Amino acid sequence: MSEIVVLRLGHRPERDARVTTHVGLTARALGASGMLLTSGDKSVAESIEGVVKSWGGDFWVKTGVSYRSAIKKWKEAGGVVVHLTMYGINMPERIGRLREEYRVKDIMVVVGAEKVPGDVYGLADYNIAVGNQPHSEIAALALFLDWLQEGKEFERAFEGGELMIMPSEHGKNVVRKQ
């Protein structure tokens with residue numbers, strides 16, 4: 001399959017650091033390669049990089065990105081831009097087409113924080129809603145990534161790292177890798 005990258009629009013460090021970190025952790029856990037962050041908040045990148053060091057994988061975060069420039073470059077390289085917004089077309093109506101595109105093209109998933117600039121709606125190839133009601137951007141991202149990949153993200157291996165979970169029906173079983 002192709003690459004998935006999340007572009008996080010807006011971020012108020014005093015208010016959104018935890019939510020933006022969770023956007024990145026969700027993206028990492030559910031198959032994205034990295035996250036572009038329009039804010040220059042390095043603490044989010046450091047937090048996620050710490051998770052990658054401990055738990056493995058090669059997820060990356062780049063801060064201080066211009067969203068217009070990132071979207072333009074992505075599209076020039078042949079990628080598809082999907083903006084998750086409650087104002088868009090409901091996901092079930094477009095997911096088949098998006099899966100076809102994902103087989104051959106990289107996908108950028110745009111996730112807002114504060115008010116999304118109006119031009120994003122025109123820059124995106126798809127404005128997709130996970131329901132047309134107010135909801136969490138983290139939940140929308142998780143559902144979109146799962147529907148796009150049809151559950152295959154759960155088969156992904158996270159190479160490297162120091163820790164891994166041994167799945168258990170009862171309790172917590174974390175082991176240190178050799």
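Here the contact order of the stretch 96-178, divided by its residue count and restricted to Cα pairs under 8 Å and six or more residues apart, works out to 20 percent. Highest mean packing comes first when the peptides 165-174, 129-138 are listed by Cβ atoms within 10 Å, giving 129-138, 165-174. Mean separation of Cα pairs under 8 Å and 6 or more residues apart, divided by the residue count, gives the stretch 138-178 a relative contact order of 26 percent. Rounded to the nearest 10 degrees, the angle from helix 137-149 to the longest Cα principal axis of the chain is 90 degrees. Remark: relative contact order (the chain) = 29 percent; criterion is Cα-Cα distance under 8 angstrom and separation of 6 or more residues.
Please report the antiparallel percentage of the DSSP beta bridges confined to the chain, to the nearest 5. Rounded to the nearest five, the antiparallel share is 10 percent. Heavy atoms only, probe 1.4 Å: what % of the accessible area of the chain goes to carbon and sulfur, would you let me know? C and S atoms contribute 52 percent here.
Using the average count of surrounding beta-carbon atoms within 10 Å as a protection proxy, the listed peptides 153-161, 38-46 rank, highest first, as 38-46, 153-161. Residues Tyr102, Tyr87 ordered from highest to lowest accessible area at a 1.4 Å probe: Tyr87, Tyr102.
Compared with the dominant Cα axis of the chain, that is its longest principal axis, helix 91-104 is turned about 70°.
Entry note, the chain: the mean residue ellipticity at 222 nm calculated from DSSP H runs of n ≥ 4, each adding -39500 (n - 2.57), is -13000 deg cm²/dmol after division by the residues and rounding to the nearest 500.
Computed on protein heavy atoms with a 1.4 Å probe, the accessible areas place Trp74, Trp55 in the order Trp55, Trp74, largest first. Its convex hull of Cα atoms gives the chain a direction-averaged projected area, equal to a quarter of the hull surface, of 10.9 nm². Taking a straight Cα-Cα cut-off under 19 Å and skipping sequence neighbours fewer than 8 places away in the same chain, the aspartates and glutamates within cross-link reach of Lys152 are Glu3, Asp58, Glu100, Glu101, Asp106.
Among the listed pairs Lys53/Lys105; Lys53/Lys177; Lys42/Lys115; Lys42/Lys177; Lys72/Lys115; Lys72/Lys105, a Cα-Cα separation exceeding 24 Å is found for Lys53/Lys105; Lys42/Lys177. Residues Glu76, Glu101, sorted by accessible area with the largest first, give Glu76, Glu101 [1.4 Å probe; ligands and nucleic acids excluded].
The values are calculated or read from the model by the stated rules, or taken from the named source; none is laboratory data. Keep in mind the model is a prediction, meaning the values are calculated, not measured. Methodologically, a virtual Cβ is constructed for each residue, glycine included, from the backbone with ideal geometry; neighbour enumeration extends over all protein chains shown. Side chains are part of the model used for accessible areas, which takes the heavy atoms of the whole protein and leaves out ligands, DNA and RNA. Shrake-Rupley method; radii C 1.70, N 1.55, O 1.52, S 1.80 Å.
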